1. I want to confirm something. Restricting to the range 452-461 and keeping residues that are touching a Lys or Arg at 6+ places or on another chain (Cβ under 8 Å) and outside any loop (DSSP other than H, G, I, E, B), which single residue is surrounded by the fewest Cβ atoms within 10 Å (Cβ to Cβ)?
2. Can you pull out every residue in the range 318-361 that is part of a loop (DSSP other than H, G, I, E, B), touching a Gly at 6+ places or on another chain (Cβ under 8 Å) and in contact (Cβ under 8 Å) with a residue 60 or more places away in the chain?
3. Yes or no: residue 192 modelled with pLDDT under 90, farther than 23 Å from residue 323 by Cβ and small (Gly, Ala, Ser)?
4. Report yes if some residue within the range 462-478 is part of a loop (DSSP other than H, G, I, E, B), among the charged types (D, E, K, R) and modelled with pLDDT under 75; otherwise report no.
5. Among the residues of the range 83-113, which ones are part of a helix (DSSP H, G or I) and in contact (Cβ under 8 Å) with a residue 40 or more places away in the chain?
6. State the number of residues belonging to the range 58-79 that are in a loop (DSSP other than H, G, I, E, B), within 23 Å of residue 17 (Cα to Cα) and either in contact with a strand residue (DSSP E or B) (Cβ under 9 Å, 6 or more places away or on another chain) or touching a residue at least 12 places away in the same chain (Cβ under 8 Å) (or both).
7. Take residue 38 and decide whether it is in a helix (DSSP H, G or I) and outside the structural domain of residue 346 (by TED's automatic domain parsing).
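The values are calculated or read from the model by the stated rules, or taken from the named source; none is laboratory data. In this text, all values refer to a predicted model and were calculated from it rather than measured experimentally. Note that each Cβ is placed from the backbone with ideal geometry, even for glycine, and that neighbours are counted across all protein chains shown.
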Amino acid sequence: MFVTKNLYQNDEAWKNTPLGFSSETIGSWGCLLTSVTMMLNGIGYSETPDSVNNKMKAAGGFQGALFIPSVLPYVWANCAYRDMQPCESVPAPIPLIDDAVAQGKPVILQVDWNKQAGIQTHFVLVKEKKGDDYVLYDPYKYGGDSPTKDVLLTTRYKYNGAKLASEISAVLWFENYSVAAPEPPAKVELPAEKFILYASEDDLALRSQPATTGYLWKRMLMNTELICLEPKAQAAAKIGVQGQWIQVQDPKGDQGYVAGWFVSDKKAVPAPPPAASSTPKPGTAPKPGAAPKPGAAPKPGAAPTPVKPAAVPPGALAFFPTEELSFRSQPVVADNTLIRKIPVTEQLISVEPANQVIPKVGVQNQWLKVRAADNKEGYVAAWYVKYAGGSTAQATAAAAPAPAAGTGGAIKVRATAEGVSLRNQPLVSDATLIKRVPIGYEFTITEPGGEAKVGKNDQWIKVKDAANEGYVAAWFVAR
């Protein structure tokens with residue numbers, strides 16, 4: 001469950017306020033703005049649609065009336081916008097939404113508020129799962145709405161079959177962190193010899209302590225100028241080095257620590273992004289109950305078109321970035337190793353043996369050699385990827401004899417890599433992990449026809465061992 005206070009875009013206090021840099025109003029077009037405001041309050045901030053509107057304007061978070069979620073972490077450091085996943089033409093990813101909501105993470109959905117042809121977009125924040133439906137924090141207040149009355153998604157928004165999988169036309173994914181701020185540190189006096197450093201990546205974190213667990217004071221853009229608070233020789237030895245932290249002061253006078261592997265003593269010259277990877281910004285939506293003016297705004301909720309995933313060859317694993325990711329020519333953070341930025345929608349395929357890859361996934365300071373969608377090879381940080389699929393068992397499974405018809409015997413499979421996960425749902429998540437097992441570990445298939453999935457990408461098999469029953473990734477087992 002995600003807990004926050006109901007706010008409404010058509011509240012008298014701000015409904016007539018201009019939205020962003022436009023003549024539209026929060027009351028008419030501010031459903032995404034208001035949903036985001038409720039989300040921010042749920043993770044510990046105290047905002048109104050009016051205050052979020054003003055802060056986002058000051059930070060460049062609007063294009064006209066269009067709200068740009070990717071600007072959020074530069075204003076509220078403990079909120080991270082991950083991705084907008086379109087599902088207008090495919091079923092919505094209900095298991096993934098369920099998992100996020102069960103973990104108390106904020107999820108904003110795009111729905112159709114009008115029975116006219118096409119998607120008349122409106123954004124809502126999910127509160128909790130209730131049976132086969134979601135209870136919503138709906139930012140538009142209808143007659144009879146109140147914080148004590150449940151608003152069910154498929155009861156209110158039912159123009160595309162009244163099923164969750166078809167009523168949800170896009171999902172906005174967010175991450176949130178603790179906002180229990182420590183006491184601000186005592187100011188360190190600026191050194192006599194000023195040594196200037198620059199953020200070599202967007203989203204550089206300024207933290208209270210020299211560790212990723214340190215409180216996140218703020219995020220900074222590439223080339224933000226930082227004054228080093230340590231002796232120059234000491235700091236220079238840490239630049240570009242994994243696991244090293246440098247104490248700095250930012251242009252606003254705030255002090256803290258930054259990751260040494262994400263700073264440089266020279267300004268970065270970002271490479272121009274390929275035309276094909278241009279990312280349209282998610283938009284806002286008109287109020288429910290009135291058709292938008294012709295030509296008043298582009299279709300809200302636009303999102304990048306995912307690159308069609310390549311086939312995963314036998315022995316390989318596939319990944320997606322958990323956030324925009326640097327693709328490098330060498331496993332080193334430096335200006336001259338950056339090839340380009342990889343969006344969260346682009347599939348990466350490992351080019352190292354699976355038994356070398358698996359122990360590194362999600363581990364700080366580890367690197368993976370991968371092939372990107374443009375067929376170029378390079379390195380990405382292993383702690384910024386998640387599994388998309390794989391086929392470590394494909395070649396073996398293809399050669400395995402089919403079970404004899406009518407034998408009725410238990411069919412066993414074995415793990416083909418170290419650390420294969422047994423999960424309570426067919427979903428990669430910390431919340432679903434039962435245990436990890438060593439290479440060669442045996443399971444018994446418990447679902448009819450499960451043997452047909454062995455070695456296949458993006459398939460899961462229901463299995464059991466002596467102690468547990470659950471699911472294993474089909475690409476990590478063989479007969």
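1. Restricting attention to the range 452-461, the residues satisfying the condition of being touching a Lys or Arg at 6+ places or on another chain (Cβ under 8 Å) are 454, 459-461.
This time we only want the ones that are outside any loop (DSSP other than H, G, I, E, B), so: 460-461.
Working: 460: 20, 461: 25.
My answer is 460.
2. Initially, the range 318-361 is screened for residues part of a loop (DSSP other than H, G, I, E, B), giving 322-324, 329-334, 343-347, 351-353, 361.
Adding the requirement that they be touching a Gly at 6+ places or on another chain (Cβ under 8 Å) leaves 329, 332-334, 353.
Within the range 318-361, 332, 333, 334 meet the criteria.
3. On the way: modelled with pLDDT under 90: yes; farther than 23 Å from residue 323 by Cβ: yes; small (Gly, Ala, Ser): yes.
So residue 192 fits the description; yes.
4. Taking the range 462-478 and keeping what is part of a loop (DSSP other than H, G, I, E, B), we get 465-468.
Remaining after also requiring among the charged types (D, E, K, R): 465.
Cutting the leftovers down to modelled with pLDDT under 75 gives us none.
Within the range 462-478, not a single residue is part of a loop (DSSP other than H, G, I, E, B), among the charged types (D, E, K, R) and modelled with pLDDT under 75.
5. If we filter the range 83-113 for residues that are part of a helix (DSSP H, G or I), which is where we start, we get 94-102.
If the condition is that a residue be part of a helix (DSSP H, G or I) and in contact (Cβ under 8 Å) with a residue 40 or more places away in the chain, then 94, 95, 96, 97, 99, 100, 101, 102 are the ones that fit.
6. Residues of the range 58-79 that are in a loop (DSSP other than H, G, I, E, B), as a first pass: 59-61, 64-65, 68, 75-78.
Checking the rest, the ones that are also within 23 Å of residue 17 (Cα to Cα) come to 59-61, 64-65, 68, 75-76.
Still in the list and also either in contact with a strand residue (DSSP E or B) (Cβ under 9 Å, 6 or more places away or on another chain) or touching a residue at least 12 places away in the same chain (Cβ under 8 Å) (or both): 59, 61, 64-65, 68, 75-76.
So the answer is 7.
7. Criteria met by residue 38.
Yes or no, residue by residue, for (1) closer than 24 Å to residue 150 by Cβ; (2) free of Cβ contacts under 8 Å to residues at least 60 places away in the same chain; (3) assigned to a loop (DSSP other than H, G, I, E, B):
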{"position": "16", "(1), (2), (3)": "no, yes, yes"}
{"position": "23", "(1), (2), (3)": "no, yes, yes"}
{"position": "28", "(1), (2), (3)": "no, no, no"}
{"position": "33", "(1), (2), (3)": "yes, no, no"}
{"position": "44", "(1), (2), (3)": "no, no, yes"}
{"position": "50", "(1), (2), (3)": "no, yes, no"}
{"position": "56", "(1), (2), (3)": "no, yes, no"}
{"position": "81", "(1), (2), (3)": "no, no, no"}
{"position": "115", "(1), (2), (3)": "yes, yes, yes"}
